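Heads up, the thing below is written out as structure tokens.
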Amino acid sequence: MTAFYTVLMLVVANVFMTFAWYGHLKLQQLKVLSSNTPLYLVILLSWGIALAEYSFQVPANRIGFAGNGGPFSLIQLKVIQEAITLVVFTLFTVVVFRGEALQWNHFLAFVLLIVAVYLVFMK
């Protein structure tokens with residue numbers, strides 16, 4: 001169950017991270033924020049969201065790390081996190097920013113990332 005909880009917390013963390021990094025762009029499109037909104041306010045908003053991300057990311061790494069009794073090495077944790085980030089980001093882009101289209105090279109990149117995840121778990 002530790003592996004499941006680790007991955008679940010990494011997914012939640014990445015949803016918050018994606019909103020922290022790119023959500024302000026959608027808020028600008030929706031006219032919630034204007035292009036004249038001071039950058040420091042956008043950064044503070046993003047930091048607030050990033051705090052929620054860290055509240056899931058840090059515990060996920062802590063319980064998932066083999067040095068703490070978890071099932072994953074540091075490299076495995078990082079590769080899992082990167083693969084989750086790209087899946088969450090892709091879903092966010094396609095659903096929230098409907099103008100973005102997936103191309104063949106995006107799918108090839110995803111296949112290569114899956115290969116990377118496989119390779120990092122090989123004994």
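Readers should treat all values here as calculations from the given coordinates under stated rules, not as data from a laboratory. It should be emphasised that the depicted structure is a prediction, and the values quoted were computed from it without experimental measurement. We place every Cβ from the backbone using ideal geometry, glycine too, and count neighbours over all the protein chains shown.
Assorted remarks:
- Taking 16 Å as the straight-line reach from the Cα of Lys26, the aspartates and glutamates in range (excluding those fewer than 8 positions away in the same chain) are Glu100.
- Calculated mean residue ellipticity, 222 nm, the chain: -27000 deg cm²/dmol, from DSSP H runs (n ≥ 4) at -39500 (n - 2.57) each, averaged per residue and rounded to 500.
- Both the radius of gyration and Dmax for segment 46-94 are 12.4, 37 Å, in that order, over alpha-carbon atoms.
- With a Förster radius of 22 Å applied to the beta-carbon distance between Phe4 and Leu74, the computed FRET efficiency rounds to 0.70.
- The smallest convex shape that holds all Cα atoms of segment 73-123, its convex hull, gives 53 Å³ per residue.
- Using the Cβ-Cβ distance between Lys31 and Leu102 with R0 = 25 Å, the FRET efficiency computed as 1/(1 + (r/R0)^6) comes to roughly 0.40.
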